[in-house]
Amino acid sequence: MRRVALLGPALLAGCAAAPPTEIPVHGETPGYTCRNVNFEAFVGQRATSELGARMLAASGARTLRWVRFGAMVTMEFSASRLTVRLDPQGGVASATCG
């Protein structure tokens, strides 16, 4: 019984010494944070998968959300998402993180 009493505090001390881990925020992907770069360079270009890949690479975002002209979107913010709004002709009108 005495051994069990000595073992308990040692096990609890090991748990207390563990470093805290960062809990990701809902909707965000750890390691990916969108950076607002010079998105004006993409404005006017036709929305294609190749353009989307270049925009993701430039921004560092994990996901890309295309928003068609006049469409409504949620206001939920995600630091790992790039939102690209399109003009009526299907070209890039603007891009922002979130």
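Nothing in this text is a laboratory measurement; each read-out follows from the coordinates by a stated rule. Everything numeric here is computed off the predicted structure, so don't read it as measured data. All Cβ positions, glycine included, derive from the backbone under ideal geometry; neighbour counts span all protein chains shown.
For this structure, a couple of remarks:
- Sorted peptide list for 85-94, 67-76, criterion being average Cβ within 10 angstrom, highest first: 85-94, 67-76
- 5 angstrom amide H check on V67, placed H, neighbours 5+ away: V84, R85, L86
- Cut-off 13 Å between beta-carbons: net charge of the residues surrounding R35, Lys and Arg +1, Asp and Glu -1: +2
- Proximal charge balance of L56 [Cβ under 13 Å; K/R count +1, D/E count -1]: +4
- Hull volume in cubic angstrom per residue (convex hull over the Cα atoms of the range 24-97): 75 Å³
- Vicinal HN-Hα couplings computed from phi for the range 82-97 (Karplus, 6.51 cos²θ - 1.76 cosθ + 1.60; Hz; Gly/Pro x): 10, 9, 10, 8, 9, 8, x, 8, x, x, 6, 9, 6, 8, 9, 7
- From phi via Karplus (6.51, -1.76, 1.60), per-residue ³J(HN,Hα) for the range 60-68 in Hz, x at Gly/Pro: x, 6, 8, 10, 10, 10, 7, 10, 5
- Neighbours of V73 by Cβ distance under 14 Å: Lys/Arg scored +1, Asp/Glu scored -1, total +3.
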